[in-house]
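Engineer: Have a look at the structure that comes next, please.
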Amino acid sequence: RTELNSILKEEVTIYFDENPHDGLLESHHVDKSLEGKLRCLIFLPILSHTYCDPRSYAWSNEFLVFCRQAREDVLGFEIRLNNGNFASRILPVQIHELDLADQRLFETTVENPLRSIEFIYKSPGVNRPLMPQDARTDNLRKTFYRDQINKTANAIAEIIKGITVHEEKTAARGEASVSDVRYPETTLWQELSRRNVFRAAFTYLMAGMVLYQLGLFLTPALRIEERYLEVLLWIMVGGLPVAMTLAWFYELSPHGFIRTNTDVSLSNPYPPERKKPLTGRPLIVLLMLMVFLQIIYLKYYKTRPIDPVVDSMGNQRISIAVLPFENRGQGGMDAYLAAGLTDDIINRLTIIGQLRVTNHATVIKYQGNTFPSNKIAGELGVMAILTGSVQRLGKELIVRAHLIDGRSENYIWGNTFYRTAESIVEIQSEIAKVVVEKLGISLTQPEKERLNLVATGNATAYDHYLRGRSLYYRYRPASNDSAIKEFKLAIRQDPRYARAWAGLADAYSQMNTRFAMPGRWLDSSMVAASNAIGFDSTLSEAYKALANGYSNKGLYSKAFPLLKKAVQLNPLNEKAVGNLGTNYLLRNDLPNAIRWEKKAVGMDPDNWIPYQIIGWTYRLLGDLSLAESWLKKSAELDSGVYDTYELLAYTYIGQGRTEEAIRLVPRVVSIGGKDPRVLEIAGLICNMTGDRHRARNYFRESIENNEAYKEDTETVSPIALGQILMEDGKRVDAEVYLSHAMSMKLLDIEQGEENFESRFYIAAIYAIRGNKESALKWLQEAIDYGWMDHIQITHGPYFRQFKNDPAFLEKVSFLKRKAATMLTQLAKD
């Protein structure tokens, strides 16, 4: 006070909190008593160890109160000094060196770095207030008490002079002074308008729309993933409240940026467009024009990235190939996941009528290759290519997808999906919908519903299903058993999972047809397939599975419409396409069998099954050379399939190449060990080539290892063994086997089986017994049902005693003429 009186010409009122000498007693209302005293020009907090404490009275009821009042009154928190600099109306005096936390609390509150006048005595181990008697030389701060007093007084005087000049200018303009100016009462809407928040927000939105639409143009051109555009969008959305907050608190004035709640803001001479930079009318008009033009361009001039072509039916369609998604997981453990995701995306896209989708098997050869997109598109004859990758990191899945114009190699769209393993099923639909949107395809309502249909909401069930499907397609006993377990686990997780029921039906069916298990497996297969259809009546795999059951029971007329339905629902279901070809074969329509099986080959060049069926069909048609070529290709694709070697051996025998047929027997035996079907095939080849001794042993082993022998209607070992025993003169032993086989075949026919093989083998049993008339009768019935294999008469052992009989030769001639007619018809196509 003494120092100030020596500097200033007028007395300055100073209030110092020196309780209890200031007269505040316990009965007095402290806050009300201090209210007037805190309405001061300058506040000097004495910063000590204990001052910066939000729980202390001095901090919360004095310091913070002054800060709030200073920000709200006319002068504001900052004072412009006569020399042009600015100073705060809070002048801190520091008597202790503060902790870092206390310093940060103070700086955060005043919104400025701490710049104080220090009264600190600092020496080793000492941190106390500076006293008048302290020597400068002993103080590490080198400060002198009297000098610091003078410095404080001068700082106060400088601030007061700045306030005085401000008041004089205010009075000269006829404006209210610090003592009587108050902000007018306003509503929030009026205050938002006064501070030009709406102007700033509108400009921000227009600029954001321009930037985002530019991103839409540049993302494909620069091959940037769409997720970065999404990130940009979220940044802009998050930036809007920040921009509005800055507009609320700050504006530009002749003095620079100022707070909008100060008296300087009230007297700011700038117009609104200058108070908020970059919000001028010309810029706003330009931004609005750009947004308008971009919208017009997007709506009326920007065509779909790929133009459709007109197919043979007159429909506009866009062709696309989904390349195998790359597995970027650890090792090959998740290969089934990448393959399953690829298949499921393909299946979803086939729903769309305007899309022609290349099936998975056709594009599998491009897996892992780095061919240019236009080369792949040219080879596949497609316009667009979808490619991507799958990576599992713990419970997280990272799925990347990219859509490319196959002709120009333009990048149409790309994105990375970060999902949990639980949401893997949703990704298929999400990617498919984005592809449809980016290709500019309009969906019908049924297509929308099927595209949104989720096969299962249970990720664990989906994972078990993919594992099961991968195991099933290996066509081996052990893997088929594992597939059944996986399908059952999937169903346990989701009892209404139609795809898992269809997979279980296929695996059950295979237990009977390929692995010699009882016929009840077929019954279970058909129940599972019916469940699949009940849960999803649009599932192609379900109809194909049910058709398999009927077909394996010999009920071809029931299987046929189901297979056609399966192909109709999903034309890319190559398994259904191939099974339809097999059904044509079993119905004695060999030309159509060839056509559909070749279509299946085109869809899946690496699947051995259609090659085998084509080879079998050409053998029946009499073109043994072509039959040999297709059967060898089938064996090349999978050398572990025993019945391919059976058909190849019969082809060799038909050409008189008996030695080559015999050499196939060890290869057949090496496939299955004790598998009754494998042993049976080995015996049949030996029997056809005249090696009766080895044939007898193989047939006996087949019967001994066949757990389902008593009810196995598919086995022919008892017939062949009975024929050998009959030729050996062991008629009674032969009849034991022949009678059992006869009863099983007649039972099949009684149950409505349409299979020509049952009728052929009944004819064979009668021929073995020497009953020519019955043999001819049943042979004709077999022919009527579609039997075409005349080599079984001319080269087989069953009809050996009648192979030169005119009646039997007439049957052979009829079959050869029929085959030649079909072969000619096929050649014309």
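Engineer: Before we move on, is G656 on the phi > 0 side of the Ramachandran plot and either without any contact (Cβ under 8 Å) to a residue 12 or more places away in the chain or in a helix (DSSP H, G or I) (or both)?
Structural biologist: Taking the combined requirement at face value, the residue satisfies it.
Engineer: Also: Among the listed residues V669, V641, identify the single one that is touching a residue at least 12 places away in the same chain (Cβ under 8 Å), open to solvent by 30 Å² or more (accessible area, probe 1.4 Å), within 21 Å of A478 (Cβ to Cβ) and touching a Phe, Trp or Tyr at 6+ places or on another chain (Cβ under 9 Å).
Structural biologist: Going through V669, V641 in turn, just one is touching a residue at least 12 places away in the same chain (Cβ under 8 Å), open to solvent by 30 Å² or more (accessible area, probe 1.4 Å), within 21 Å of A478 (Cβ to Cβ) and touching a Phe, Trp or Tyr at 6+ places or on another chain (Cβ under 9 Å): V669.
Engineer: What are the residues in region 65-108 that are in a loop (DSSP other than H, G, I, E, B), at pLDDT 85 or above and under 59 Å from the mean Cα position of the chain (by Cα), if any?
Structural biologist: Scanning region 65-108 gives E97, L98, D99.
Engineer: Among helices (runs of 4 or more DSSP H) lying entirely in region 420-511, which contain 1 or more residues that are in contact with a strand residue (DSSP E or B) (Cβ under 9 Å, 6 or more places away or on another chain), closer than 19 Å to L337 by Cα and open to solvent by 20 Å² or more (accessible area, probe 1.4 Å)?
Structural biologist: Because the criterion is at least 1 residues that are in contact with a strand residue (DSSP E or B) (Cβ under 9 Å, 6 or more places away or on another chain), closer than 19 Å to L337 by Cα and open to solvent by 20 Å² or more (accessible area, probe 1.4 Å), the helices (runs of 4 or more DSSP H) in region 420-511 that meet it are 424-438.
Engineer: For L222, are the conditions met, namely being hydrophobic (A, V, I, L, M, F, W, C) and at pLDDT below 80?
Structural biologist: yes
Engineer: Could you please tell me which pairs satisfy a Cβ distance under 6 Å, a separation of 6+ or placement on different chains, a first residue in region 577-603 that is open to solvent by less than 20 Å² (accessible area, probe 1.4 Å), and a second residue that is part of a loop (DSSP other than H, G, I, E, B)?
Structural biologist: M603/N359
Engineer: If you check N410 against the conditions, is it crowded, with 21+ Cβ neighbours inside 10 Å and over 11 Å from the mean Cα position of the chain (by Cα)?
Structural biologist: no
Engineer: Here is a further query. Going residue by residue through region 230-242, is there one that turns out to be modelled with pLDDT of 80 or more, touching a helix residue (DSSP H, G or I) at 6+ places or on another chain (Cβ under 7 Å), open to solvent by 70 Å² or more (accessible area, probe 1.4 Å) and at negative phi?
Structural biologist: Checking region 230-242: not a single residue is modelled with pLDDT of 80 or more, touching a helix residue (DSSP H, G or I) at 6+ places or on another chain (Cβ under 7 Å), open to solvent by 70 Å² or more (accessible area, probe 1.4 Å) and at negative phi.
Engineer: Right, next: Starting from residues that are farther than 15 Å from I724 by Cα and of a type in the set (D, E, K, R), keep the ones in region 687-708 and report whichever is least open to solvent (accessible area, probe 1.4 Å).
Structural biologist: So the residue we want is E704.
Engineer: Residues of region 128-158 being under 22 Å from N83 (Cβ atoms), touching a Leu at 6+ places or on another chain (Cβ under 7 Å) and open to solvent by 40 Å² or more (accessible area, probe 1.4 Å), which ones?
Structural biologist: E158, the sole residue that qualifies.
Engineer: Here is a follow-up. Is it fair to say G314 is surrounded by fewer than 14 Cβ atoms within 10 Å (Cβ to Cβ), modelled with pLDDT of 70 or more and on the phi > 0 side of the Ramachandran plot?
Structural biologist: no
Engineer: Can I ask one more? Considering only region 718-829, give the helices (runs of 4 or more DSSP H) lying wholly within it that have at least 3 residues that are surrounded by fewer than 18 Cβ atoms within 10 Å (Cβ to Cβ).
Structural biologist: Per the criteria, 731-750, 772-784, 806-828.
Engineer: Further, regarding this structure: Looking at region 268-292, which of its residues are surrounded by 14 or more Cβ atoms within 10 Å (Cβ to Cβ) and at pLDDT below 75?
Structural biologist: Once the filter is applied, which keeps residues that are surrounded by 14 or more Cβ atoms within 10 Å (Cβ to Cβ) and at pLDDT below 75, region 268-292 yields only N268.
Engineer: Among what's in region 115-127 and is free of Cβ contacts under 8 Å to residues at least 60 places away in the same chain and under 20 Å from I156 (Cα atoms), pick the residue that is most open to solvent (accessible area, probe 1.4 Å).
Structural biologist: R115
Engineer: Right, something else. Please specify each residue of region 382-395 satisfying the condition of being loosely packed, with under 15 Cβ neighbours inside 10 Å and modelled with pLDDT of 80 or more.
Structural biologist: Residues satisfying the conditions do not exist here.
Engineer: Just to be sure I understand the filter: pairs with C-beta atoms under 9 Å, separated by 6 or more residues or on different chains, first member in region 130-145 and free of Cβ contacts under 8 Å to residues at least 40 places away in the same chain, second member among the acidic types (D, E) and part of a helix (DSSP H, G or I). Which pairs pass?
Structural biologist: Within 9 Å, the pairs are R136/D147.
The values are calculated or read from the model by the stated rules, or taken from the named source; none is laboratory data. Note that the structure is a prediction, hence the values are computed from the model and not measured. Here the Cβ is made from the backbone with ideal geometry for all residues, glycine too, and neighbour counts use every protein chain on show. Just so you know, the surface numbers come from the protein's heavy atoms only, side chains and all, with ligands and any DNA or RNA stripped out. Shrake-Rupley method; radii C 1.70, N 1.55, O 1.52, S 1.80 Å.
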